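The next block holds one structure in the form of structure tokens; read it before the comments.
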Amino acid sequence: MRYDAAIIGAGADGLTAAATLARAGLKVIVLERGTRAGGRLTTLEFHPGHFASPYTDAVAEVPLAIARAFDLRLRPARPLPDPIRTTRDAALSRAFAEAAQTPDDNVLARWLAPPAESWPGESLAIAPLADWPEFRDAAIAGRALDPELAGSALALLSLPLSEAVSGGLGALGDGFVCAAEAAGAEVRLGQEAVEVVIAESRAAGVALADGSRMMAKAVISTLDLRQSLVTLFPRAVLPGRMLEEVRGWRMAGASARLLLALRRPLRRETPLFLAGDAKARVAFRRGAVPLTPPLMLDPVSRRDPSLAPEGAATATVTLGAIPHRLLDGGWTQQARATLAAHALIRIDKAIPGTLAAVAAVKIIAPPDMESGLAATSGDLDGGTLAPDQMLALRPGPRTALAGFYLGGRSAQAGPLGTGAAGFAAAAALMADGAQ
């Protein structure tokens, strides 16, 4: 074998797995189809002198152990209410502990029989999201499968909290890249994985779009569950319940983004949340462009002046209840322009003068998120954040195919921390190698 591990995807999870394995002395390669590493941790110059992170302004908190090990520079995370913090920390600790254990005969039970409804003794008695008004807006705007389930308290467990100190999320992504390369991992860009190579009933490498193969003792996919199991394998080779699992796994991106280049700073220093209405929910279900979806305006250059030229400003708008598929012709330029125009008119009513200050708008619709991040339906959570798809009801890093691991957002640790699923996958791979 040429490598000990081949990792598909150079986002935070893939780079965390790579750094963890390389530091343990394994020979690791990371394969990324894009022209830059970082995944959602990127910063884009969308208008001369104006920068923003295209997919999100913040990500789930980087676990402290990962942040310290990689020497990542972060702004202090917004403090979570004790019940939420306790639940999230306990869930992460359990996911990491289970991944690091040498597997026994029952480790693949999930793929052979339906999963249990919850962990034994685990309590999900989290107060309703309405009881945490200071977090409600941030948790709802631009998130979730369905506008009604977006208000679930489960959304708080993956609430975006971490930001880079300066330079947008791209600076944080650069930190993950540097950590992986410093540990000795090889990162290759422009390498699209199209299939997992199988030999002797186990994963043995990755076939690439250019016809070449990267042979490895194990493979970690940081793609979502559907991309990992349907795109990378012929259906005939999926063992156990893997095909049934992926068929029942619900993916539903529901957000869009506007990146605003402004000639002058907004008359507001803090984010603005505008709630959606019942008509937006109806439009979402019909596959139509909603006129009044929930939205969050964030004047990002107020926090980070490096994102805009002096005297100007950069802001982002995250819109929720946005369907991935439109039933009346798809995401045409007209549909995108309609979405942006109605959002800007609403914002201008709340902050007069906003429209006059706009120099340029970049529109990022759900299909753009899907193509940019290989995220099914533009779902940035790796699957809907519903009670039956959270915590232990998400798959762990091990699968029913020996040598193949899940290290992306669909895994148990995925929504709980940036890089957490990659760390768990690396821990499982090393534990299995010790047998």
Yes or no: A360 modelled with pLDDT of 95 or more, small (G, A, S), within 24 Å of T43 (Cα to Cα) and within 26 Å of the chain's Cα centre (by Cα)? no
Of the numbered conditions (1) modelled with pLDDT under 90; (2) in contact with a Lys or Arg (Cβ under 9 Å, 6 or more places away or on another chain), E244 satisfies every one except a single condition; which is it? (2)
Give me the pairs, please: first residue somewhere in the range 389-403 and closer than 15 Å to R202 by Cα and of a type in the set (S, T, N, Q), second residue anywhere and surrounded by fewer than 22 Cβ atoms within 10 Å (Cβ to Cβ) and at pLDDT below 90, beta-carbon distance under 9 Å, and either six or more positions apart or on two chains. T399/L108; T399/W111; T399/P239; T399/G240
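Identify, please: which residue in the range 211-262 is in a loop (DSSP other than H, G, I, E, B) and of a type in the set (S, T, N, Q) and is, among those, nearest to D432 (Cα to Cα)?
In the first step, residues of the range 211-262 are kept if they are in a loop (DSSP other than H, G, I, E, B); the result is 211-212, 217-218, 222-224, 232-234, 238-241, 249-255.
Those left that are additionally of a type in the set (S, T, N, Q): 212, 222, 255.
Values: S212: 27, T222: 18, S255: 38 Å.
Top of the filtered list is T222.
Considering only the range 12-29, state which residues are in contact (Cβ under 8 Å) with a residue 12 or more places away in the chain and over 18 Å from the mean Cα position of the chain (by Cα).
Step one: filter the range 12-29 for residues in contact (Cβ under 8 Å) with a residue 12 or more places away in the chain, giving 12-24, 26-29.
Matches in the range 12-29: A19, T20, L21, A22, R23, A24, L26, K27, V28, I29.
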What number goes with the only condition from (1) surrounded by fewer than 15 Cβ atoms within 10 Å (Cβ to Cβ); (2) within 24 Å of the chain's Cα centre (by Cα) that E245 does not pass? (1)
Is at least one residue of the range 103-112 outside any helix (DSSP H, G or I), at pLDDT below 80 and within 22 Å of R303 (Cβ to Cβ)? no
With respect to T318, determine if the residue is at pLDDT 95 or above, buried (at least 23 other Cβ atoms within 10 Å of the Cβ) and under 30 Å from S166 (Cβ atoms). no
Would you check which residues across the range 417-435 are surrounded by fewer than 24 Cβ atoms within 10 Å (Cβ to Cβ) and either acidic (D, E) or more than 16 Å from L26 (Cβ to Cβ) (or both) and list them? D432
Residue check, R213 among the charged types (D, E, K, R), more than 22 Å from A12 (Cα to Cα) and without any contact (Cβ under 8 Å) to a residue 40 or more places away in the chain: yes
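Do you know which residues across the range 26-70 are part of a helix (DSSP H, G or I) and of a type outside the set (K, R)?
Kept after step one, since they are part of a helix (DSSP H, G or I), are these residues of the range 26-70: 64-70.
Passing the criteria: L64, A65, I66, A67, A69, F70.
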How about the range 326-435: which helices (runs of 4 or more DSSP H) wholly inside it have at least 3 residues that are farther than 30 Å from G49 by Cβ and among the hydrophobic types (A, V, I, L, M, F, W, C)? 420-433
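Would you mind stating whether T338 is of a type in the set (S, T, Y), over 24 Å from A37 (Cβ atoms), surrounded by fewer than 23 Cβ atoms within 10 Å (Cβ to Cβ) and touching a residue at least 40 places away in the same chain (Cβ under 8 Å)?
On the way: of a type in the set (S, T, Y): yes; over 24 Å from A37 (Cβ atoms): yes; surrounded by fewer than 23 Cβ atoms within 10 Å (Cβ to Cβ): yes; touching a residue at least 40 places away in the same chain (Cβ under 8 Å): yes.
Criteria met by T338.
Matching residues to (1) under 26 Å from G190 (Cβ atoms); (2) surrounded by 19 or more Cβ atoms within 10 Å (Cβ to Cβ); (3) in contact with a Phe, Trp or Tyr (Cβ under 6 Å, 6 or more places away or on another chain):
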{"site": "V30", "(1), (2), (3)": "yes, yes, no"}
{"site": "R36", "(1), (2), (3)": "yes, no, no"}
{"site": "S53", "(1), (2), (3)": "yes, yes, no"}
{"site": "E61", "(1), (2), (3)": "no, yes, no"}
{"site": "R75", "(1), (2), (3)": "no, no, no"}
{"site": "R78", "(1), (2), (3)": "no, no, no"}
Working carefully through the options T56, T43, find the one that is at pLDDT 85 or above, touching a Lys or Arg at 6+ places or on another chain (Cβ under 8 Å) and among the hydroxyl-bearing types (S, T, Y). T56
Condition first: among the basic types (K, R) and modelled with pLDDT of 95 or more. Now tell me which residues in the range 184-212 satisfy that. R188
Any pair with Cβ under 9 angstrom, 6 or more apart, that starts in the range 176-198 at a residue that is assigned to a strand (DSSP E or B) and ends at one that is basic (K, R): E186/K27; L189/R33; L189/R36; A193/R33; V197/R213
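Does F273 satisfy being part of a strand (DSSP E or B) and modelled with pLDDT under 95?
For F273, the condition - part of a strand (DSSP E or B) and modelled with pLDDT under 95 - is met.
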Go through the residues of the range 326-334 one by one and say whether even a single one is among the aromatic types (F, W, Y) and without any contact (Cβ under 8 Å) to a residue 40 or more places away in the chain. yes
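The values are calculated or read from the model by the stated rules, or taken from the named source; none is laboratory data. What you see is a predicted model; the values in this text were computed from it and never measured. Neighbour counts run over all protein chains shown; Cβ positions are idealised from the backbone, glycine included.
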